[in-house]
Every structure is written in structure tokens, then in C-alpha cells.
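*Asks:* Below are the C-alpha cells for one structure; questions will follow.
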Amino acid sequence: MAWSKIFKEYGICAKCGKRMAEPNKALCFECSEMEMVYQKRYLSKMTDEEKEIFEDKSRAMAKTRYHRLKNSGICVSCGRRKALNGNVFCLDCKVRKKKKRMENHSIERYERPEYGLCFICGRPVYENHRTCKDCYEKRKSQAALNFKKSRVG
């Protein structure tokens, strides 16, 4: 058995083996932060074509995982517990998602612009737009990508 599996079994960070892993995770906070920095650096060095290929592979793997877990009756979010009957989430994940959704939707989505909030995520809007800066950039890049795909096909 590999050390990382033994560490995960006992709740120790699978990467450094020195600190306790975060709850329901395999890595400690420090190692997961370093992993995130590494991932961003790795992605920043890629060309647009390489990023698109990487994202397509990631989407395909996620879709495969989702269907595998769903067909076997396991929660598609955590991948550990049995899903509720007629649902794809376990009770814990369903409660967590509902709680998060309720926090984000204290003001109805259509009312958010009246309060100066992004109509997508609820954060303050960017200059004279209906969205925050992050959502604006995401929508702008997605629109460019959709236009490019429509011109190719």
C-alpha cells in the first residue's frame, strides 16, 4: 500500500505527511495552497489552444466521474456516501448546497441590480455594468470563445 493512501486513511496530509489534512480532504491547508499556486503557474504558461485541450479533458473526466458515481448510487459531490433515493447528492452535501444557495440568494436575483449588486453572484457591480468585474470578465471571454466556435463550425 502506498504511503499516501495510508496517510489519507489516518487523516494526515498525503503530500507532506507532516500535518493533519483538512476535514474531508487529502491535503493540509499549506499543501493545498501550494498546489493551487502551482496549478495557476502551470496554466499561465499554456497557450490558448493548450488551455482549451486541457479544459476539454477536464470536462470529459468530470463528466465520466459524475456518470460513474450517479450510476453506482454514490453522491456525485463528495464521492463517498450513498446518495439519497431519487437524488444525486447525499444528505450532507444536499444540506450544504442548500445552505450555500440560501446565503447567496437573500436578495432575489432580479432585484440585485437595484441594490448595486451583480445579478449573477451578488457582489458589488463593476463601474456601469450589471455584473461584478469577475463575472464581467468571464462573460466577455465566454462570448469571445462562443463567437470563435460559431465561426469555425
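The values are calculated or read from the model by the stated rules, or taken from the named source; none is laboratory data. Small disclaimer: the values here were computed from a predicted structure and weren't measured. In this analysis, Cβ positions are derived from the backbone assuming ideal geometry, glycine residues included, and neighbour counts consider all displayed protein chains.
*Asks:* For segment 121-153, give me each residue that is β-branched (Val, Ile, Thr) and either modelled with pLDDT of 85 or more or touching a strand residue (DSSP E or B) at 6+ places or on another chain (Cβ under 8 Å) (or both).
*Replies:* Val125, Thr131
*Asks:* Go through segment 66-98 and count every residue that is on the phi > 0 side of the Ramachandran plot and within 18 Å of the chain's Cα centre (by Cα).
*Replies:* 1
*Asks:* When segment 73-100 is examined, which residues are found to be over 22 Å from Lys25 (Cβ atoms) and out of contact with any Leu (no Cβ under 7 Å at 6 or more places or on another chain)?
*Replies:* Gly73, Asn85, Gly86, Asn87
*Asks:* Can you pull out the residues in segment 99-113 that are surrounded by 10 or more Cβ atoms within 10 Å (Cβ to Cβ), among the charged types (D, E, K, R) and over 18 Å from the mean Cα position of the chain (by Cα)?
*Replies:* Arg109, Glu111, Arg112
*Asks:* Moving on. Would you confirm whether any residue within segment 129-142 is farther than 28 Å from Asp56 by Cα and either assigned by TED's automatic domain parsing to the domain that holds Val76 or part of a helix (DSSP H, G or I) (or both)?
*Replies:* So far as segment 129-142 goes, no, none of its residues is farther than 28 Å from Asp56 by Cα and either assigned by TED's automatic domain parsing to the domain that holds Val76 or part of a helix (DSSP H, G or I) (or both).
*Asks:* Can I ask one more? State the number of residues belonging to segment 117-153 that are more than 29 Å from Glu52 (Cβ to Cβ) and either loosely packed, with under 10 Cβ neighbours inside 10 Å or among the hydroxyl-bearing types (Ser, Thr, Tyr) (or both).
*Replies:* Here the count works out to 2.
*Asks:* On the given criteria, is Cys121 closer than 30 Å to Lys25 by Cα, part of a loop (DSSP other than H, G, I, E, B) and either outside the structural domain of Pro23 (by TED's automatic domain parsing) or in contact with a Ser or Thr (Cβ under 8 Å, 6 or more places away or on another chain) (or both)?
*Replies:* Yes; evaluated as a whole, the condition is true for this residue.
*Asks:* Taking only pairs six or more apart or across chains, which ones have beta-carbon atoms under 8 Å, a first residue in segment 51-64 that is over 18 Å from Cys75 (Cβ atoms), and a second residue that is in a helix (DSSP H, G or I)?
*Replies:* Lys51/Leu43; Phe54/Leu43
*Asks:* Listed residues Ala26, Ala60; which is among the aliphatic types (A, V, I, L, M), farther than 30 Å from Gly122 by Cβ and under 16 Å from the mean Cα position of the chain (by Cα)?
*Replies:* Criteria check complete, one pass: Ala60.
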